[in-house]
Amino acid sequence: MSNPFKKQEVEQYERKRYRGLDQKLVHSREEKILRKILEEIRKEDARVLDVPCGYGRFSPLLLEPGVSLVSSDLSFHMVKRAVERNEESARLSGVVADGISGLPFKGEVFDLILSMRFFHHLHQEEERKAVLGEFSRVAKGGVILSFYQQNPLHVLQRKLRRRIKKSKTKIKMLSREEFQKEVEGEGFKVVRVYPLFKGIHSQLIALLQKA
Ligand SMILES: C[S@@+](CC[C@H](N)C(=O)[O-])C[C@H]1O[C@@H](n2cnc3c(N)ncnc32)[C@H](O)[C@@H]1O
């Protein structure tokens, strides 16, 4: 994850990443869960941080009336695209930053942090700790964080996919106990966990609050 996406890679990623039927389903289920959580924790004039924002897949969902959104990513071209896609919104700003080495924000400024599809790319516990530590520092409200939970069926499926060269990405899966311990270690409590597709997909979306 340390090589930031270049312009052409971003274009290709945006065109292809959620094109297949299975990925469209994943995207639509992610949106549904996020919408539900956002309805529950809605706050007027909230400051929201989307990190990593990628090409801004969730910006339209986050940009409810009154919300100020900061879209941040390691890749300049991802941030640029996220801002371009929503250029009519004066309530969106883009910030290029490395979520592992530190976020360039003051403490307790965000009412909500959204972090989708990042945690499972962090293979070292130290990296996850650093990211959670930064979230804990800059958040004053909740954090929505997706992660992959160990699931023997999915491990087998990923091995097969890699074998037939459909996927080169290695995913870090954690047990629920490990996940809980890591987030609690950085000052959060797990409020609720939503499975993407119970029993058949390992991705979960967790709502965390400062303990
Ligand atoms: C799988 S994408 C997810 C993007 C977005 N959250 C979504 O779900 O569409 C992972 C993103 O993490 C970004 N990234 C990788 N390492 C990072 C780091 N250390 N700090 C911030 N962003 C990083 C990549 O540039 C990429 O845009």
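The values are calculated or read from the model by the stated rules, or taken from the named source; none is laboratory data. Note that the coordinates shown come from a computational prediction; the quantities given were computed from them, not determined experimentally. Note that each Cβ is placed from the backbone with ideal geometry, even for glycine, and that neighbours are counted across all protein chains shown. Note: accessible area is taken over every heavy atom of the protein model, side chains too, but ligands, DNA and RNA are not part of it. Shrake-Rupley method; radii C 1.70, N 1.55, O 1.52, S 1.80 Å.
Within segment 185-211, track down each residue that is open to solvent by 20 Å² or more (accessible area, probe 1.4 Å), in contact (Cβ under 8 Å) with a residue 40 or more places away in the chain and hydrophobic (A, V, I, L, M, F, W, C).
V191, F197, I200
So is K7 in contact (Cβ under 8 Å) with a residue 60 or more places away in the chain, within 14 Å of the ligand (Cβ to nearest atom) and either more than 17 Å from the chain's Cα centre (by Cα) or over 17 Å from V131 (Cα atoms) (or both) or not?
Yes, satisfied.
Would a scan of segment 96-104 turn up a residue that is among the acidic types (D, E), buried (at least 17 other Cβ atoms within 10 Å of the Cβ) and touching a residue at least 40 places away in the same chain (Cβ under 8 Å)?
Scanning segment 96-104 turns up no residue that is among the acidic types (D, E), buried (at least 17 other Cβ atoms within 10 Å of the Cβ) and touching a residue at least 40 places away in the same chain (Cβ under 8 Å).
Mind checking which residues of segment 79-105 are of a type outside the set (A, V, I, L, M, F, W, C), more than 9 Å from the ligand (Cβ to nearest atom) and out of contact with any helix residue (DSSP H, G or I) (no Cβ under 9 Å at 6 or more places or on another chain)?
E84, E87, E88, R91, P104 - these are the residues of segment 79-105 that are of a type outside the set (A, V, I, L, M, F, W, C), more than 9 Å from the ligand (Cβ to nearest atom) and out of contact with any helix residue (DSSP H, G or I) (no Cβ under 9 Å at 6 or more places or on another chain).
Is it the case, given these coordinates, that V67 is open to solvent by less than 10 Å² (accessible area, probe 1.4 Å) and more than 16 Å from the ligand (Cβ to nearest atom)?
Yes, satisfied.
Looking only at segment 1-60, count how many residues are open to solvent by less than 100 Å² (accessible area, probe 1.4 Å) and on the phi < 0 side of the Ramachandran plot.
40
Tell me which residues, restricted to segment 106-147, are acidic (D, E) and either open to solvent by 40 Å² or more (accessible area, probe 1.4 Å) or within 13 Å of the ligand (Cβ to nearest atom) (or both).
Answer for segment 106-147, where residues must be acidic (D, E) and either open to solvent by 40 Å² or more (accessible area, probe 1.4 Å) or within 13 Å of the ligand (Cβ to nearest atom) (or both): E108, E125, E126, E127, E134.
Go through segment 54-76 and count every residue that is charged (D, E, K, R) and outside any loop (DSSP other than H, G, I, E, B).
Result for segment 54-76: 1.
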